[in-house]
Amino acid sequence: MSESMGRDLAGGHLRTWRDGGGRVVGYACVLTPVEVLDAAGVLPFRVKALGCSKTDRADARLSRFNCGFCRSCLQLALEGAFDFLDGVIETNGCDQLRGMFENWQYVAPAPWFHYLKVPHVVTPESLDYLEHELRRLAAALERGFGAAVTDERLIEAIERRERIRASLGRLADLRERPAPAVTGSEALSEVIAGSALPPAVFQELLDEAIDRFERRPAPPAPARRLLLGGAAIDDVELVRDIESLGGAVVADTLCFGSRGVSLELSEGWRDAPVRALAERTLRGSTCPRMYDELPSRLELVLATAARARVDGVVLVHNKFCDVHGIDNALLRLELEKRGVPVLALEREYGAAADRGRLRTRTQAFLERIGGGR
Amino acid sequence: MGTTDVRAGLFERAVGLFGLIDGMRGVPSDESIEGLLRLLPPDPRRNLAAFFEPHVREAGVSFLRMVKDWMFHARDARAAGRKVILVPFNFPPELVLAFDNAVPLTSEVLTTIAAVGLEGGGERYWEHMMGLGLPDHICSANSVELGSVLSGIDLVPDAIISAAPGGCDANSKIHELVSRVLGIPQLLIEKPVDDSPEGHALYDVYFRQLIERLEDFLDERLDEDKLRRLLARANRCTELYWELYELHKPRPCPVPNIYNLFLAPVRFCLWGSDQAIETLETMVRTSRRRLEERAYPAPVERARALWAYTSYYFDVNELHGWMERQGYTFLADVLDLYHPRPIDLRSRDSMIDGMIAAAWSYPMNRQMGASSMSGAWVRDVAHGVRDLDADCVIFCGHDACKQSWSVVSILGDELERMGVPLLVLHGDSWLKTVTPIAVLQEEITAFMETRVVGRRRGAGRRRLRRRSTTEGSS
């Protein structure tokens, strides 16, 4: 699988799926359990803003005070880039994402639409609520697309996605090696591309890519190892820029990266697969939109940083993203208290004008922690 | 911590300001007001002058006394063995007031007090927040007060009730940060973004759990009799609120513009207190008198504006007062439209149910915390336009509010269908450094004179035709 596929919104495999009569449903938030869509026989397509170079149409609906990622996604939607979608799922990942979906539905409604409401706190009652919400989603998919979402089909779908998660775990291991066999930009490209592929195709291409990475000659150990954390980053260029300066991104906790991979299912999940998905979604979430889970987010960053032996942490957020902007400030305070060097970067999503500034700051950070070129 | 020189906390300075009001008895004379204002530095002098204009003085003084009592109560809390609970504006303070061992402090109201009453506004506390590395796009509404708290020299609350999850990311994240940095408990209550019975049921559970956590934290059981007495007074507040609401309807509007500035703190600080009743009674009595006299501050009421969101608070004289002098009525903003309902006092459960319904219907909860942000907001604004006979709508464009900014285009489209012009401004409601009041006045004037005055179009006669943005075809 090549990196270019990650930039192609409706790549070859997606077209093949559509040509074969397959249905595609778009979603944007990592908290959307794609297994339910798999079980309904539709292809989950994660909405991204790849290749978006302007936001003029979206700016007329949202505003310059909304994050560039949401504006860019809306821009593509209004330009018709997502017209191939048979339906759209809104998730309340953040306030601005909700606004993006509401405008999308207001201006150019998708043929099928569903709103999946995910609680912001983890309690027995919120788990019950989310389980009910997932059953509503399954029922809505059944009504919209005809395929019954049975427990058997759901278990099958979960098992398939678990195999993909296991492969992504292997990919992470390769990346965390002393001499990483895969770069951060390559790893991110795989995950992003996979969010637009039928699971069987993704599995096959991912395993092929991992084999290829393993076989190729290992590069020299990098001067400085970094963990990249933060917001909705689907542009591989940012990671490539950091790496071009000598900072190997050997781990991440990004929304489009490892965040979805780290979620684990509870034991005995086959007995109650919907409940298991609800539990994993809420308990396993390391997204800062969960408002009482800072300790687990911090623990994840610290554990990942230790395991990957990083020299520093880069925390990125898109301008106007409150959820990550504030969380990054808090994480920075906590990490620095523990002696972990942190670079907090605020960036304009997708803006080429920001690149030079970000490169300069990254370079300065790498020099501060003792490396870089 | 931080880089800004913060030598005195917001709360401490505000208490000092209200110390000047403490000695005021009755309705002060022009001479007394002049003497008081001379004691103040330029910013509070200019702003507080608006509270003492002859036509609003009686209510202005009553309101300031109420706020003074609220602040002094918090100042003296620890000495009296009480805990200070920081609450956000979207949570009913009567729940905290119902405990003997607790005092509520509303962060957004404190920020507003800084914007109105402190020299330099709340800017220095905001800068302290920025010094901690927080992004400059967070909301000043609570960041100013919490910046002061984090400076280490101001009153630190014993706990924070965080009621914004579901309605506002920025607010929720700031509460989480402050709780963590100060090591004080965060009592979370999420507002499900779901208007279905399931959403209501979940909120019901959350609210009751919050009461239990408060009881544990305060080591005090919520007393049914005390709650009943308090909510009986809250019901009186509700009656007075609706009387005042009705008084906004006649043309010219007999309710002075600045009364809208009083209404929100009454709800957000001391709802159910004698002081709140007294303030509301004064507002109703004076407005009724003005109705009988057909009194209006300008020769003629030229336009009636509903503010779709918040207002600006850093120069109330040059906003509320100035609008009135131009003949532009400030009917209400969304913070005033909290739609209180009488609470059934028969049992502990019925009273808790009433508070839950009130919390659900709070500003922001009922719009941005709804299943559809745009849907609920449009419905509320459209209803306000029709019911209060507004000629136009103004969106202040508080730049930190990404939720409202993300759907204001839908509001504009729907208002256009109704034939109601919408002015979209941009500024920070609490920080004067973002957009100066003179610029805002110019924009309001241009809008009013070209789109509104003399062009009344039968607002609200046309029906909304907006498409649903949630719960669509699934």
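The values are calculated or read from the model by the stated rules, or taken from the named source; none is laboratory data. From a predicted model like this one, the values you see are computed outputs, not experimental measurements. Positions of Cβ are backbone-derived with ideal geometry, glycine not excepted, and every protein chain shown enters the neighbour counts.
Only one of the listed residues (B:Asp387, B:Asp391, B:Asp344, B:Asp353) is surrounded by fewer than 24 Cβ atoms within 10 Å (Cβ to Cβ) and under 26 Å from B:Phe447 (Cα atoms). That residue is B:Asp387. Is there a residue being under 23 Å from A:Val47 (Cβ atoms), of a type in the set (A, V, I, L, M, F, W, C) and either at pLDDT 95 or above or in contact with a Leu (Cβ under 9 Å, 6 or more places away or on another chain) (or both) anywhere in the range A:174-181? No, there is no match, as no residue in the range A:174-181 is under 23 Å from A:Val47 (Cβ atoms), of a type in the set (A, V, I, L, M, F, W, C) and either at pLDDT 95 or above or in contact with a Leu (Cβ under 9 Å, 6 or more places away or on another chain) (or both).
Annotation for the range A:269-276: at least one member residue is aromatic (Phe, Trp, Tyr) and not in a loop (DSSP other than H, G, I, E, B).
Identification of helices (runs of 4 or more DSSP H) wholly contained in the range B:30-112 with 1 or more residues that are within 20 Å of the chain's Cα centre (by Cα) and of a type outside the set (Gly, Ala, Ser) yields B:42-49, B:57-75, B:94-97. Looking only at the range B:155-163, decide whether some residue is out of contact with any strand residue (DSSP E or B) (no Cβ under 9 Å at 6 or more places or on another chain) and either under 20 Å from B:Pro104 (Cβ atoms) or within 8 Å of chain A (Cβ to nearest Cβ) (or both). Among the residues of the range B:155-163, not one is out of contact with any strand residue (DSSP E or B) (no Cβ under 9 Å at 6 or more places or on another chain) and either under 20 Å from B:Pro104 (Cβ atoms) or within 8 Å of chain A (Cβ to nearest Cβ) (or both), which makes the answer no. Taking first residues from the range A:288-301 that are facing chain B (nearest Cβ under 9 Å) and surrounded by fewer than 21 Cβ atoms within 10 Å (Cβ to Cβ) and partners that are in a loop (DSSP other than H, G, I, E, B) and β-branched (Val, Ile, Thr), the Cβ contacts under 7 Å between residues at least 6 apart in sequence or on separate chains come to A:Asp292/A:Val121.
Total residues in the range A:252-308 satisfying the condition of being farther than 18 Å from A:Ile164 by Cβ and not polar (S, T, N, Q): the figure is 30.
Across the range A:43-67, the qualifying residues are those that are of a type in the set (S, T, N, Q) and within 11 Å of chain B (Cβ to nearest Cβ), and the one among them that is surrounded by the most Cβ atoms within 10 Å (Cβ to Cβ) is A:Asn66. Among the residues of the range B:377-409, those that are more than 11 Å from chain A (Cβ to nearest Cβ) and among the hydrophobic types (A, V, I, L, M, F, W, C) comprise B:Val381, B:Ala382, B:Val385, B:Leu388, B:Ala390, B:Cys392, B:Val393, B:Ile394, B:Cys396. Among the residues of the range A:25-42, those identified as outside any loop (DSSP other than H, G, I, E, B) and away from chain B (no Cβ under 14 Å) are A:Val34, A:Glu35, A:Asp38, A:Ala39. Restricted to the range A:321-348, and to residues that are facing chain B (nearest Cβ under 7 Å) and outside any helix (DSSP H, G or I), which residue is surrounded by the fewest Cβ atoms within 10 Å (Cβ to Cβ)? It comes out as A:Ala344. In the condition set (1) charged (D, E, K, R); (2) within 14 Å of chain B (Cβ to nearest Cβ); (3) in contact (Cβ under 8 Å) with a residue 40 or more places away in the chain; (4) in contact with a strand residue (DSSP E or B) (Cβ under 6 Å, 6 or more places away or on another chain), A:Asp252 is compliant with all but (2).
Each row is one residue, and each column tells you yes or no for (1) under 19 Å from the mean Cα position of the chain (by Cα); (2) buried (at least 23 other Cβ atoms within 10 Å of the Cβ); (3) part of a helix (DSSP H, G or I).
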{"site": "B:Leu214", "(1), (2), (3)": "no, no, yes"}
{"site": "B:Leu222", "(1), (2), (3)": "no, no, no"}
{"site": "B:Ala232", "(1), (2), (3)": "no, no, yes"}
{"site": "B:Pro250", "(1), (2), (3)": "no, no, no"}
{"site": "B:Val255", "(1), (2), (3)": "yes, yes, no"}
{"site": "B:Phe262", "(1), (2), (3)": "yes, yes, yes"}
{"site": "B:Phe268", "(1), (2), (3)": "yes, yes, yes"}
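Given the criteria over 28 Å from B:Gly183 (Cα atoms) and either within 14 Å of chain B (Cβ to nearest Cβ) or free of Cβ contacts under 8 Å to residues at least 60 places away in the same chain (or both), does A:Ser266 qualify? So A:Ser266 fits the description; yes. Summed over the range B:126-150, residues that are within 18 Å of the chain's Cα centre (by Cα), within 12 Å of another protein chain (Cβ to nearest Cβ) and either aromatic (Phe, Trp, Tyr) or in a helix (DSSP H, G or I) (or both) total 3. Of the helices (runs of 4 or more DSSP H) entirely within the range A:115-219, those holding at least 1 residues that are more than 14 Å from chain B (Cβ to nearest Cβ) occupy A:151-176, A:184-194, A:199-215. Answer with yes or no whether A:Asp354 is within 9 Å of chain B (Cβ to nearest Cβ) and assigned to a helix (DSSP H, G or I). Spelling it out, it is not the case that A:Asp354 is within 9 Å of chain B (Cβ to nearest Cβ) and assigned to a helix (DSSP H, G or I). Taking the criterion of being of a type in the set (A, V, I, L, M, F, W, C), part of a helix (DSSP H, G or I) and crowded, with 24+ Cβ neighbours inside 10 Å, the residues of the range A:68-88 that qualify are A:Phe69, A:Cys70, A:Cys73, A:Leu74, A:Ala77.
Number of residues in the range B:182-207 that are assigned to a helix (DSSP H, G or I) and either more than 7 Å from chain A (Cβ to nearest Cβ) or modelled with pLDDT under 95 (or both): the value is 9.
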